[in-house]
Amino acid sequence: MTFTFGIYPGGLLGDDTGLIEPARPDDPARIAAALRELQGDAPELIVRAYRLFPDGAHTPERPEQYAVEGRKLDLVLQFRERGGELAGWLDFVRRTVRAEGGRLACVQICEEPNVDLPPVDGSIPNVRRALVEGVIAAKEEASACGYDRLAVGFNAAPSFGAAADTFWGELGKLADERFHRALDYVGVDFFPDVFRSVPSDQLAGAVRAVLTAFRGDALPRAGIGPTVPLRICENGWPTGPGRSEARQAEVVEEVVRTAAGLAAELTITGYTFFALRDADSAGPGLFHHFGLLRDDYTRKPAFDVYRELVGELTLGSDAP
């Protein structure tokens, strides 16, 4: 089993109220240089990007420019049809796979469909059906086009109590045999010690607990078995007031090593960091400061830590 790494390279992101525009526009040349350095001698690095239905907007812009030198895209197709109408959605999924499949490592159908917040797809009616039918359509198109290595999946955030029962239970009712045959992975987005404080000596345990519960409790409710791989699709730790750059570097190392150490036990096949650069290094909120780089592309200590982890854990073993 291989363990691959990735990163979201753009400055645009969302918080619990909407989108945050970056203080400085993306600089493709600096992004490409940073990606090249993070990848080092690793045979691949996955570049995360988002494309919205129905308008087709991308973030970052022109993500295909980064899918070079052994890098491929982890492309998220977001279902943003406000009325929840499915007309055109499956054609959008199929067209994207047909046109982009050669540069894709993964295609993710919907973004956090279990989270009811404005920037993500759980706020859109009919999202569960869009997810199930989109996974089937993407896999059928990939097979028809000969993109046999293109992984099709979806992601979710950890949820608990009634919210978990509702999402995973309803997904399980919609998911038929075609869906389960088409599903290559499930992604998990989680941010320990960001929105709720975790003592430093309990961080590794918190990571293990979240990933173990997601595998052993959430996925079985939808009939998703233990052999379907997990990918950590979004994880990060912001700097800013009261949150030092030195601590960010420590958290990155501990979380990545913990996740990689669980790879064989939980069938985890990859990890993607969110994000390459800050949205606004002078901004007041948590969401402005997630980057390994500041918004002027100068590096924080965590950049070098992540670069070294990519080299060690990608090249050091096929089964970390």
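Where a number appears in this text, it was derived from the coordinates with a stated rule and is not lab data. Just so you know, these numbers come straight off a predicted model, no measurement behind them. Virtual Cβ from ideal backbone geometry, glycine too; neighbours counted across all protein chains shown.
How large is the helix-only mean residue ellipticity at 222 nm for the chain, computed as the sum of -39500 (n - 2.57) over DSSP H runs with n ≥ 4, divided by its residue count, in deg cm²/dmol to the nearest 500?
-10500 deg cm²/dmol
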message = Using Cβ counts within 10 Å as a stand-in for footprinting exposure, how do Asp278, Asp217 rank, fewest first?
response = Asp217, Asp278
ask   = When the gyration tensor of region 39-194 is built from Cα positions, what are the square roots of 5 times its three eigenvalues, in whole Å, from largest to smallest?
value = 24, 18, 16
request  = Working from Cα positions, state the angle (0 to 90°, nearest 10) between the long axis of helix 89-100 and the longest principal axis of the chain.
outcome  = 60
key: Modelled label reach - Ser123, point 7 Å along Cα→Cβ, region 74-94 residues with backbone N closer than 20 Å   = 76-86
Centre separation in Å (Cα based) which lies between region 198-270 and region 1-42 = 19
key: Qualifying chymotrypsin sites (Phe, Trp or Tyr not before Pro) in region 158-265, DSSP loop, other Cβ atoms within 10 Å at most 15   = Phe160, Phe195
request  = Can you tell me the 0 to 90 degree angle between the C-alpha axis of helix 245-261 and the longest principal axis of the chain, rounded to 10?
outcome  = 40
task = Classify the chain as rounded, prolate or oblate from the Cα gyration tensor: take a ≥ b ≥ c as the square roots of its eigenvalues, call it rounded if a/c is under 1.5, otherwise prolate when a/b beats b/c and oblate if not.
result = rounded
Folded to 0 to 90 degrees: helix 28-39 orientation relative to the chain principal axis, Cα = 90
task = Please report the base-10 log of the normalised intensity I(q)/I(0) for region 12-128, using a Debye sum with one equal scatterer per alpha carbon and no solvent, at each q in 0.15, 0.18, 0.23 (1/Å).
result = -0.73, -0.99, -1.32
